[in-house]
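What follows is a single structure, written as structure tokens, with notes after it.
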Protein chains: 2
Amino acid sequence: MLDPVTRVRRFNRAVTRAVGALDTSFLGRGRPLGAARVLNAIGHGRSEVGEVRDYLGLDSGLMSRLLRSLEDEGLIETSAHGDDARRRVAKLTRAGKREFSAYEALSNSQAEDFLARNTQREALLAAMDLIASALGRDATDLREMDPRGDEARYCLGEYYAELARRFKQGFDVKLSRDPDAADMVRPRGSFVVAMSDGLPIGCVGLKGSGSEIAEIKRLWVAPSARGLGLGRRLMDAAEAAARELGIAVLRLDTNSALPEAGQLYRRTGWTEIPRFNDDPYPDLFFEKRL
Amino acid sequence: MLDPVTRVRRFNRAVTRAVGALDTSFLGRGRPLGAARVLNAIGHGRSEVGEVRDYLGLDSGLMSRLLRSLEDEGLIETSAHGDDARRRVAKLTRAGKREFSAYEALSNSQAEDFLARNTQREALLAAMDLIASALGRDATDLREMDPRGDEARYCLGEYYAELARRFKQGFDVKLSRDPDAADMVRPRGSFVVAMSDGLPIGCVGLKGSGSEIAEIKRLWVAPSARGLGLGRRLMDAAEAAARELGIAVLRLDTNSALPEAGQLYRRTGWTEIPRFNDDPYPDLFFEKRL
DNA sequence: GATAATATCTGACTAAAGTCAGATATCATG
DNA sequence: CATGATATCTGACTTTAGTCAGATATTATC
């Protein structure tokens, strides 16, 4: 009665019904679901036709016709892509934006209703984050980004907040050796953010020094995405970037209050070395030769 | 970036994609999705045509045609309902059972794959239970059942296990005044189980004594369904049953190690009274006049 | 600059889903 | 037992989704 497979299937059924309700609510605007989906994909910033087609898994003929029908309604305009005139980009017209925000309002109010109906808000949200991350794991992509960008700064903020929670003495960025952003940008270093459906859920920095030695910094994985192997993927990405930059030795410092991190390093070929800096927070130091 | 509505919507998107994958896997058996859904609904015990139609939200014409196509395939047989010859009941033939179990195997292996891909099994399952309960709340129905039935005994087992965990001194049913099952069956009393999509997720017993005083016993809500107001619904159902049975005074005992329970009682018109039995476990006693 | 590869579009389909107005048989009620 | 309500079925549709073989325009490659 309570075996894991049954529980997963009960979840699937519950969610299938809910998704069906969401879909039907989208039909209230006098447009087939397929067209509504394309409109929304474009509204959410997927401007290239091929990108939308892949995302929605549509046949190219069908995609083309759906685009035409939205164009006939006056909701979108298409034009050739600047770099490659075979590709087309679509954008919402003024009327399209209005229609898109009507769909947004529908989705939002449905989400709000769901939240309002339930008292366990935080527990529910945490559960949803976890499941969305687990389901979207294959869709999580690692992107090299500027550490000063919004996504990176969001991750770093969460990272600092977590350190402050987990270190007995708290954590103050200013006391730590905050890597200069320029050291985490090519050609000296790199910064990688894990994006899951538009939400940043992890990051790692590679802090170069111009020499053949570089440091791994700021490895963070959102609580909702832990246990899914994302830390390892991020570390692999950082190592790959280091190899591209001709770096021979990687170092990192960490703290024994973060046991998961130490475990990950030990399992992936890192060896403990003596302290190599005077940062007050770390008490464990690792090295890996590439 | 992290407002609750965005998080709910991210979950919705992740899940919509996953549900789509589940649906397409059902197409591998050479049958349109609609027919597959009807076959599975019947396989899961929804035998009456109208019941299946409501559950799947189908038009009666469409439903009828889907039934005919399954009949032509030799997968189901229909006959008139014993009590009302207008209604029809469908059941699987031998071939239908084979086909149904092929779909079951597909669903099971998909659920197993999902579990195998993830390391955080227990956390994921708990999150899924919570969400399934929250989504299925409107679909949770309270049914009066025999306390000796499978569902009731499952609930009671979980209830005892939880008491054992939460009482410092543990919990042994035999030391407690285990209500005789006959006292929780009409006409003396009642036993109500909350069923969510086939899974028992809560229960409550009304233990009558033949007099105008009865006791509430065994109020339990599955951890995955807490915070959704189910405890209150169960209590309301028990009270309603008590009124039907002509009971004037309800009593119950509980323990201060279960603060949620005490809070619920105080909020719903119960008043604390002196100890009225010598059961070793409870230390709080309540009464409510109907 | 010919050839292959790529991105999109068009035309001509088929299949599936959904709608709606009756038809038919049965049941409930006075 | 006539009347209205109910459950299902049939026929005649429309709409939506999906498929596939080319057509067209552009870009990449030798």
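Based on what the data block shows, is A:Leu92 surrounded by 16 or more Cβ atoms within 10 Å (Cβ to Cβ), more than 9 Å from DNA strand C (Cβ to nearest atom) and within 14 Å of chain B (Cβ to nearest Cβ)?
Spelling it out, it is not the case that A:Leu92 is surrounded by 16 or more Cβ atoms within 10 Å (Cβ to Cβ), more than 9 Å from DNA strand C (Cβ to nearest atom) and within 14 Å of chain B (Cβ to nearest Cβ).
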When you scan the stretch B:41-86, how many residues do you find that are part of a loop (DSSP other than H, G, I, E, B), more than 12 Å from DNA strand C (Cβ to nearest atom) and within 14 Å of another protein chain (Cβ to nearest Cβ)?
-> 3
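This table checks each residue for (1) surrounded by 20 or more Cβ atoms within 10 Å (Cβ to Cβ); (2) of a type in the set (S, T, N, Q); (3) within 30 Å of A:Met128 (Cα to Cα).
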| residue | (1), (2), (3) |
| --- | --- |
| B:Ser190 | yes, yes, no |
| B:Ala214 | yes, no, no |
| B:Leu230 | yes, no, yes |
| B:Ser256 | no, yes, no |
| B:Phe276 | no, no, no |
Among the residues listed as A:Cys203, A:Cys155, the single one being open to solvent by less than 20 Å² (accessible area, probe 1.4 Å), closer than 30 Å to B:Glu122 by Cβ and part of a helix (DSSP H, G or I) | A:Cys155
Answer with yes or no whether B:Asp54 is without any contact (Cβ under 8 Å) to a residue 40 or more places away in the chain, within 24 Å of the chain's Cα centre (by Cα), within 11 Å of DNA strand D (Cβ to nearest atom) and open to solvent by 80 Å² or more (accessible area, probe 1.4 Å).
-> yes
Looking at (1) of a type outside the set (A, V, I, L, M, F, W, C); (2) open to solvent by less than 30 Å² (accessible area, probe 1.4 Å); (3) within 30 Å of B:Gly157 (Cα to Cα), which is the only condition A:Arg31 fails?
-> (3)
Within the stretch B:202-213, identify whether any single residue is closer than 30 Å to A:Arg9 by Cβ, of a type in the set (A, V, I, L, M, F, W, C) and within 27 Å of the chain's Cα centre (by Cα), and answer yes or no.
-> yes
Of all residues in the stretch B:27-40 being within 13 Å of DNA strand D (Cβ to nearest atom) and in contact (Cβ under 8 Å) with a residue 24 or more places away in the chain, the one that is nearest to the other protein chains (Cβ to nearest Cβ) = B:Gly34
Subset of the stretch A:116-152, residues at the interface with another protein chain (Cβ under 7 Å from one of its Cβ atoms) and not in a helix (DSSP H, G or I), comes to A:Asn118, A:Thr119, A:Gln120, A:Gly136
Look through the stretch B:232-254, keep the residues that are acidic (Asp, Glu) and either touching a helix residue (DSSP H, G or I) at 6+ places or on another chain (Cβ under 9 Å) or open to solvent by 60 Å² or more (accessible area, probe 1.4 Å) (or both), and return whichever of them is farthest from B:Ile213 (Cα to Cα).
-> B:Asp236
Can you find a residue in the stretch B:7-20 that is hydrophobic (A, V, I, L, M, F, W, C), in a helix (DSSP H, G or I) and over 28 Å from the mean Cα position of the chain (by Cα)?
-> no
If you scan the stretch B:2-26, which residues turn out to be in contact with a Leu (Cβ under 7 Å, 6 or more places away or on another chain), free of Cβ contacts under 8 Å to residues at least 40 places away in the same chain and surrounded by fewer than 15 Cβ atoms within 10 Å (Cβ to Cβ)?
-> B:Asp23
Could you say whether any residue in the stretch B:174-185 is more than 24 Å from B:Pro274 (Cα to Cα), modelled with pLDDT of 85 or more, more than 14 Å from chain A (Cβ to nearest Cβ) and out of contact with any Gly (no Cβ under 6 Å at 6 or more places or on another chain)?
-> yes
Could you check how many residues of the stretch A:216-228 are within 17 Å of A:Asp129 (Cβ to Cβ), modelled with pLDDT of 90 or more and among the charged types (D, E, K, R)?
-> 0
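I'm checking my understanding of the structure. Among residues of the stretch A:91-116 that are aliphatic (A, V, I, L, M) and out of contact with any Leu (no Cβ under 7 Å at 6 or more places or on another chain), which one is nearest to A:Asn40 (Cα to Cα)?
Of everything passing the filter in the stretch A:91-116, A:Ala102 is nearest to A:Asn40 (Cα to Cα).
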Condition met for B:Leu70 (touching a helix residue (DSSP H, G or I) at 6+ places or on another chain (Cβ under 8 Å), of a type outside the set (Phe, Trp, Tyr), open to solvent by less than 30 Å² (accessible area, probe 1.4 Å) and farther than 18 Å from A:Val15 by Cα) = yes
Can you name the residue in the stretch B:158-168 that is in contact (Cβ under 8 Å) with a residue 24 or more places away in the chain and not charged (D, E, K, R) and is also surrounded by the fewest Cβ atoms within 10 Å (Cβ to Cβ) among such residues?
-> B:Phe167
Kindly indicate which of B:Gly205, B:Gly246, B:Gly189 is without any contact (Cβ under 8 Å) to a residue 60 or more places away in the chain, out of contact with any strand residue (DSSP E or B) (no Cβ under 9 Å at 6 or more places or on another chain), more than 14 Å from chain A (Cβ to nearest Cβ) and not hydroxyl-bearing (Ser, Thr, Tyr).
-> B:Gly246
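The values are calculated or read from the model by the stated rules, or taken from the named source; none is laboratory data. Since the structure is predicted, the reported quantities are computational estimates derived from the model, not experimental observations. Every residue, glycine among them, receives a Cβ derived from its backbone with ideal geometry; neighbour counts consider all protein chains shown. Please note that ligands, DNA and RNA were not included when accessible areas were found on the heavy atoms of the full protein model with its side chains. Shrake-Rupley method; radii C 1.70, N 1.55, O 1.52, S 1.80 Å.
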